[in-house]
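Report on the following structure.
We did not get these values from a lab; they are worked out from the coordinates using the rules stated. Because the structure is predicted, anything quoted here is derived from the model rather than measured. Note that we place each Cβ from the backbone using ideal geometry, even for glycine, and neighbour counts take in every protein chain shown.
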Amino acid sequence: MKIFIMRHGEAEMFAKSDKDRTLTEFGEKSSASQGIWLKETAGYFNKVLVSPYIRAKQTFEYINNIFSEQLTERAETWDAITPYGKAEVVVDYLSTLFDEDIKQVLIVSHLPLVGEIVAELCGKNNVSFLPATIAEIDWDAEMGKLIQTKNP
């Protein structure tokens, strides 16, 4: 299984609550450019998991636009991937998707969870997740291998 783990694009510093922070103009542009890279690199996703926080949903919208809205029906907004979600829960769900023969998954989430997911999948995390950074992992349901990272 190929797993692409993405931190949301750059967001405004302040909002009425953390979950309501929106992307900056740079965050919008970097999300779109990362969407182009994802389309060229992955080509498709069987499943997309998106945090319910506005900045993550906006990041996904820019990516989905690059994919000509083809990801809409494959996307799931999931409360378990907010900033302080549990990596073990995410990996358990990925195991279920692996058993269902899902080949490629995109996760759009937040720090610190994105790094914790990489560590849980690969045994360690060497990725510096700037906003909109993507880590590509090849995972066999036992151990993952970090293939590459893409910064905006």
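Take Glu40 and decide whether it is surrounded by fewer than 20 Cβ atoms within 10 Å (Cβ to Cβ) and touching a strand residue (DSSP E or B) at 6+ places or on another chain (Cβ under 7 Å).
Criteria not met by Glu40.
All but one of (1) touching an Asp or Glu at 6+ places or on another chain (Cβ under 9 Å); (2) in contact (Cβ under 8 Å) with a residue 60 or more places away in the chain; (3) in a loop (DSSP other than H, G, I, E, B) hold for Tyr44; state the number of the condition that does not hold.
Just one mismatch for Tyr44, condition (1).
This table checks each residue for (1) closer than 24 Å to Gly144 by Cα; (2) charged (D, E, K, R); (3) in contact (Cβ under 8 Å) with a residue 60 or more places away in the chain.
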site	(1), (2), (3)
Asn64	no, no, no
Phe67	no, no, no
Ala80	yes, no, no
Leu94	yes, no, yes
Phe98	yes, no, yes
Val105	yes, no, yes
Val108	yes, no, yes
Leu111	yes, no, yes
Gly115	yes, no, no
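For segment 82-92, which residues satisfy the criterion of being more than 23 Å from Ile147 (Cβ to Cβ) and without any contact (Cβ under 8 Å) to a residue 40 or more places away in the chain?
Across segment 82-92, the qualifying residues are Tyr84, Gly85, Lys86, Val89.
Is there any pair with a first residue in segment 12-36 that is of a type in the set (D, E, K, R) and a second that is assigned to a helix (DSSP H, G or I) whose Cβ atoms are under 6 Å apart and which are 6 or more apart or on different chains, and what are they?
Short answer, once both residue conditions are applied: Asp20/Ile54; Arg21/Arg55.
When you scan segment 54-152 for strands (runs of 3 or more DSSP E) that lie fully inside it, which ones turn up with 3 or more residues that are under 20 Å from Trp37 (Cβ atoms) and over 13 Å from the mean Cα position of the chain (by Cα)?
Those strands (runs of 3 or more DSSP E) span 144-150.
So that you can scan it fast, the table gives a plain yes or no per residue for (1) closer than 26 Å to Gly43 by Cβ; (2) touching a Phe, Trp or Tyr at 6+ places or on another chain (Cβ under 7 Å); (3) β-branched (Val, Ile, Thr); (4) loosely packed, with under 15 Cβ neighbours inside 10 Å:
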residue: Glu73; (1), (2), (3), (4): yes, no, no, yes
residue: Val90; (1), (2), (3), (4): yes, no, yes, no
residue: Glu116; (1), (2), (3), (4): no, no, no, no
residue: Gly123; (1), (2), (3), (4): no, no, no, yes
residue: Glu136; (1), (2), (3), (4): yes, yes, no, no
residue: Ala141; (1), (2), (3), (4): yes, yes, no, yes
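Only one of these conditions is not met by Ala80: (1) surrounded by fewer than 20 Cβ atoms within 10 Å (Cβ to Cβ); (2) of a type in the set (Gly, Ala, Ser); (3) over 19 Å from Leu97 (Cβ atoms). Which number is it?
In the conditions (1) surrounded by fewer than 20 Cβ atoms within 10 Å (Cβ to Cβ); (2) of a type in the set (Gly, Ala, Ser); (3) over 19 Å from Leu97 (Cβ atoms), Ala80 misses (3) alone.
Looking at Phe60 and the list (1) under 13 Å from Lys2 (Cα atoms); (2) buried (at least 22 other Cβ atoms within 10 Å of the Cβ), which single condition is not satisfied?
Every condition holds for Phe60 apart from (1).
Mind checking which residues of segment 1-20 are touching a strand residue (DSSP E or B) at 6+ places or on another chain (Cβ under 8 Å) and outside any strand (DSSP E or B)?
Met1, His8, Gly9, Glu10, Glu12
Quick one: would you say Gly27 is farther than 24 Å from Lys124 by Cβ, in a helix (DSSP H, G or I), touching a Ser or Thr at 6+ places or on another chain (Cβ under 8 Å) and not hydroxyl-bearing (Ser, Thr, Tyr)?
Considered against the rule, which asks whether it is farther than 24 Å from Lys124 by Cβ, in a helix (DSSP H, G or I), touching a Ser or Thr at 6+ places or on another chain (Cβ under 8 Å) and not hydroxyl-bearing (Ser, Thr, Tyr), Gly27 comes out as yes.
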